[in-house]
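Notes to accompany the following structure.
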Amino acid sequence: MSAPTLDSTAQRSPAQKTRTLSFGIDDIQRMLPHRWPMLMIDRAYDVVPGKSGRGIKAVSVNEPYFAGHYPGHSIMPGVMIVEAMAQLVAVVYVAESLDKSIGDENPADGVGYLGSIRAMKFNRLVVPGDMLELGARLGAKLGGLRSVDVTASVDGKPVAAGSLVVTEGRG
């Protein structure tokens, strides 16, 4: 896997810089087991491994679900928005395991499963041409599970927000 892009951004105070990572689509395809048409994230940035990250999903009319949801009034299904948020969570998880990996381990083995969706609220429709901006902040560990606060927005306006519970990696 090629080295991710490293950025330094202030996550706390100006005196405390936290190293963050950015991943392009080629990196993401090496990190996640998902493939077209289910790969729902195009870029991840401001990734603090094992803690948080931000991502982008460019919404295109060429997505297969637009053919039937709804014809004549294309709307991105809420479940696909949740899937995009969950894939960002997976990138944050895998980024942490990349720091610890040795040998020929497959980074995609660090991807777990979605366990539950809690208190998800949808605020507006997402349509072709929108740039879906994603956010994830990992919370407390509950045994082999982890709670995560997730958000999605378009042009700075909230689209969806809620909490997910995900399993630890399959590896």
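The values are calculated or read from the model by the stated rules, or taken from the named source; none is laboratory data. Predicted model only: the values in this text are computed from it and were never measured. Ideal geometry is used to build each Cβ from the backbone, glycine not excepted, and the neighbour counts take in all protein chains shown. Surface accessibility is based on the protein's heavy atoms, side chains included, excluding ligands, DNA and RNA. Shrake-Rupley method; radii C 1.70, N 1.55, O 1.52, S 1.80 Å.
Looking at the stretch 109-127, is at least one residue assigned to a helix (DSSP H, G or I) and open to solvent by less than 40 Å² (accessible area, probe 1.4 Å)? Scanning the stretch 109-127, I find at least one residue that is assigned to a helix (DSSP H, G or I) and open to solvent by less than 40 Å² (accessible area, probe 1.4 Å), so the answer is yes. Among the candidates A136, A108, the residue that is within 19 Å of A160 (Cβ to Cβ) and small (G, A, S) is uniquely A136.
So if I check each of P33, P14, P37, which one is modelled with pLDDT under 95, part of a loop (DSSP other than H, G, I, E, B) and surrounded by 14 or more Cβ atoms within 10 Å (Cβ to Cβ)? Show your work before the answer.
Numbers: P14 fails: surrounded by 14 or more Cβ atoms within 10 Å (Cβ to Cβ); P37 fails: surrounded by 14 or more Cβ atoms within 10 Å (Cβ to Cβ).
Exactly one residue qualifies, and that residue is P33.
Here is the figure for the stretch 17-30: residues that are over 19 Å from E133 (Cα atoms) and in a strand (DSSP E or B) total 3. A95 meets the conditions (1) within 13 Å of the chain's Cα centre (by Cα); (2) closer than 19 Å to M131 by Cβ; (3) modelled with pLDDT under 95 in every case but one. The failed one is (2).
Of the residues Y65, Y93, which is more than 20 Å from G144 (Cβ to Cβ), part of a helix (DSSP H, G or I) and open to solvent by 10 Å² or more (accessible area, probe 1.4 Å)?
Values: Y93 fails: more than 20 Å from G144 (Cβ to Cβ).
Residue meeting the stated conditions: Y65.
Here is the figure for the stretch 68-90: residues that are open to solvent by less than 10 Å² (accessible area, probe 1.4 Å) and outside any helix (DSSP H, G or I) total 1. Can you tell me which residues in the stretch 139-164 are open to solvent by less than 20 Å² (accessible area, probe 1.4 Å) and either at pLDDT below 95 or under 13 Å from the mean Cα position of the chain (by Cα) (or both)? Within the stretch 139-164, V148, V150, A152, L164 meet the criteria. Within the stretch 40-62, the set of residues being open to solvent by 80 Å² or more (accessible area, probe 1.4 Å), without any contact (Cβ under 8 Å) to a residue 60 or more places away in the chain and outside any loop (DSSP other than H, G, I, E, B) comprises R43 only. Out of the residues in the stretch 98-108 that are aliphatic (A, V, I, L, M) and open to solvent by 20 Å² or more (accessible area, probe 1.4 Å), which is modelled with the lowest pLDDT? Looking at the filtered set, the residue picked out is I102.
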